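Enquirer: Please read through the structure below; I'll follow up with questions.
Values quoted throughout were computed directly from the atomic coordinates according to the rules given, and no laboratory measurement underlies them. What you see is a predicted model, and the numbers here were worked out from it, not measured in a lab. Cβ atoms come from the backbone with ideal geometry, glycine included; neighbour counts cover every protein chain shown.
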Amino acid sequence: MSTVKCIGILTSGGDAPGMNAAIRAVTRSAIYNGIKVKGIYRGYKGLLLDEIEDFRTQNVSNIIQRGGTILKTARCTEFRTPEGRKQCYDKLMEHGIDALITIGGDGTLTGARIFAQEFNYPIVGLPGTIDNDLYGTDRTIGYDTALNTIMECVDKIRDTATSHDRLFFVEVMGRDAGFLALNGAIAAGAEAAIIPEISLEKDQLAEMIETGFRKSKNSSIVLVAESEVTGGAMGVAERVKKEYPQFDVRVSILGHLQRGGSPTAADRILATRMGVAAIDALLDDQRNVMIGIKNDEIVYVPFSKAIKNDKPLKPDLLNALRIASI
Ligand code: F6P
């Protein structure tokens, strides 16, 4: 039987749609199981600065549909130092918080892993990032909403691309991972995706142009994942202007549009399942694991696996995009 009587919950790193649904599920599931909840504002930074509030079920009312995070978020440099982490530990002790639920991406889980090891302290992580780049889970909270936003934006860009017979490079987020670009391209019916995982192996732009990607079309849309490896949409467009001046090229960078907005049903359901599973994990004496979803089943992924391994792209997706865009 778990000895956890009071949990702290925080969101850290980039916000993602569905984080509020996760906060709601964690809070309500903890209270349902007789565990007290303390909301920690602004991630690890707020923990240091003592921005901590008792949470009841009403604190999480009317938030499931809201994007962003009611707990706010921050990137905390102090948490990278042993002194900063010790101060955080002292704050947790002061407030009687005997386990933490952290919601965030790679950086959040990396910090959680170090902290949990240093102080032998129980932490359960929820994967909250639009990038979908955490190993051991098929989906992260926020990814589906961002993907739908990208699809809607590209649908709109297509009107101009078609009317003017233009070649558009649309840059999407992903922090060095191509999931948003590749699946966004498939969903929006784009011609190609330039993604870091493949850029390391071959020159995707040259290949795309040499295989005559515009033979049967007058306009084209190519999604480019933001990354030094791909050069981003600007970098790719500059190259096209120099090497293939016959094309009428435009660039569109979607930016933080992709992080906002009301979460989709899929993200709300995922966040709710994961939030409830996080409390189940603590009750089950699980420690230092990220909650994941694999083949629609909840799984526990050790922090070390979730952050250290690169999540592979499925080759059939590359193939589907190639064939569907001829
Ligand atoms: O990790 C989420 C993400 O949106 C990445 O896709 C992007 O590289 C980064 O955060 C942007 O961070 P910031 O909002 O701090 O500029």
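Enquirer: Shape verdict for region 46-109, please, from the Cα gyration tensor: rounded (a/c under 1.5), prolate (a/b greater than b/c) or oblate.
Expert: oblate
Enquirer: Restricting attention to the alpha-carbon atoms of region 1-68, what are Rg (one decimal) and Dmax (integer), both in Å?
Expert: Cα-based Rg and Dmax for region 1-68 come out at 12.0, 35 Å.
Enquirer: Then there is this: Give me the orientation-averaged projected area of the Cα convex hull of region 198-326, in nm², one decimal.
Expert: For region 198-326, averaging the hull's shadow over all directions gives 10.9 nm².
Enquirer: Expressed in nm², what is the orientationally averaged projection area of the convex hull enclosing the Cα positions of region 1-138?
Expert: Over all viewing directions, region 1-138 projects a mean Cα-hull area of 8.0 nm².
Enquirer: Before anything else, pin down the relative contact order of region 105-194: Cα pairs under 8 Å, at least 6 apart, normalised by residue count, whole percent.
Expert: Computed value for region 105-194: 23 percent relative contact order.
Enquirer: Sticking with this one: Please get the size of the charge dipole for region 209-326, origin at its Cα centre, with Cβ charges of +1 on Lys and Arg and -1 on Asp and Glu, quoted in debye to the nearest 20.
Expert: With Lys and Arg at +1 and Asp and Glu at -1, about 440 debye.
Enquirer: While we're here: Compute and list, largest first, the equivalent-ellipsoid semi-axes of the chain from the alpha carbon gyration tensor, each √(5λ) rounded to a whole angstrom.
Expert: They are 41, 18, 17 Å, listed from largest to smallest.
Enquirer: So how do Lys86, Lys91 line up by other beta-carbon neighbours within 10 Å, fewest first?
Expert: With the fewest neighbours first, Lys86, Lys91 line up as Lys86, Lys91.
Enquirer: So for the chain: antiparallel DSSP bridges make up what percent, rounded to the nearest 5?
Expert: In the chain, approximately 25 percent of DSSP beta bridges are antiparallel ones.
Enquirer: Place a +1 charge on the Cβ of each Lys and Arg in the chain and a -1 charge on the Cβ of each Asp and Glu, then give the dipole magnitude about the Cα centre in debye, rounded to the nearest 20.
Expert: It works out to roughly 460 debye.
Enquirer: Here's something else I'd like to know. Could you grab the relative contact order for the chain? Cα pairs under 8 Å, six or more apart, rounded to a whole percent.
Expert: 24 percent
Enquirer: When a/c reaches 1.5 or more, the comparison of a/b and b/c decides; with that in mind, is region 29-78 rounded, prolate or oblate per its Cα gyration tensor?
Expert: Since a/c reaches 1.5 but b/c is at least a/b, the shape of region 29-78 is classed as oblate.
Enquirer: Cα atoms only: what Rg and Dmax, in Å, come out for region 100-161?
Expert: 16.4, 56
Enquirer: Counting other beta carbons within 10 Å of each Cβ, put Arg113, Arg166 in order, fewest first.
Expert: Arg166, Arg113
Enquirer: Still on this structure, please answer the following. I want to verify a result. In a Gaussian network model of the chain, Cα cutoff 10 Å, which of these has the top mean-square fluctuation: Val229, Val276, Val26?
Expert: Highest fluctuation of the listed residues: Val229.
Enquirer: Below 8 Å, C-alpha to C-alpha, sequence gap of six or more: please give me the relative contact order for region 204-326 in percent.
Expert: Answer for region 204-326 is 13 percent.
Enquirer: While we're looking at this one, here's another question. Region 33-110: which GluC sites (Glu not before Pro) are DSSP loop and have at most 12 other beta-carbon atoms within 10 angstrom?
Expert: When the GluC sites (Glu not before Pro) of region 33-110 are filtered for loop state and at most 12 Cβ neighbours within 10 Å, nothing remains.
Enquirer: Show me the GluC sites (Glu not before Pro) within region 127-231 that DSSP assigns to loop and that have at most 11 other Cβ atoms within 10 Å of their Cβ.
Expert: The qualifying sites are Glu201, Glu228.
Enquirer: Counting other beta carbons within 10 Å of each residue's own, what order do Ile157, Ile323 fall into, fewest first?
Expert: Taking fewest neighbouring Cβ atoms as first place, the list is Ile323, Ile157.
Enquirer: Hey, which of these cross-link pairs are over 30 Å Cα-Cα: Lys86/Lys311; Lys72/Lys241; Lys36/Lys86; Lys156/Lys305?
Expert: Lys86/Lys311; Lys72/Lys241; Lys156/Lys305
Enquirer: What is the extension gain from Gln58 to Asp285, computed as 0.36 nm multiplied by their sequence separation minus the C-alpha to C-alpha distance, in nm to one decimal?
Expert: 79.0 nm
Enquirer: Comparing Thr110, Thr264, Thr272, which has the greatest mean-square fluctuation in the GNM of the chain with Cα pairs linked when under 10 Å apart?
Expert: Its mean-square fluctuation being the largest, the pick is Thr110.
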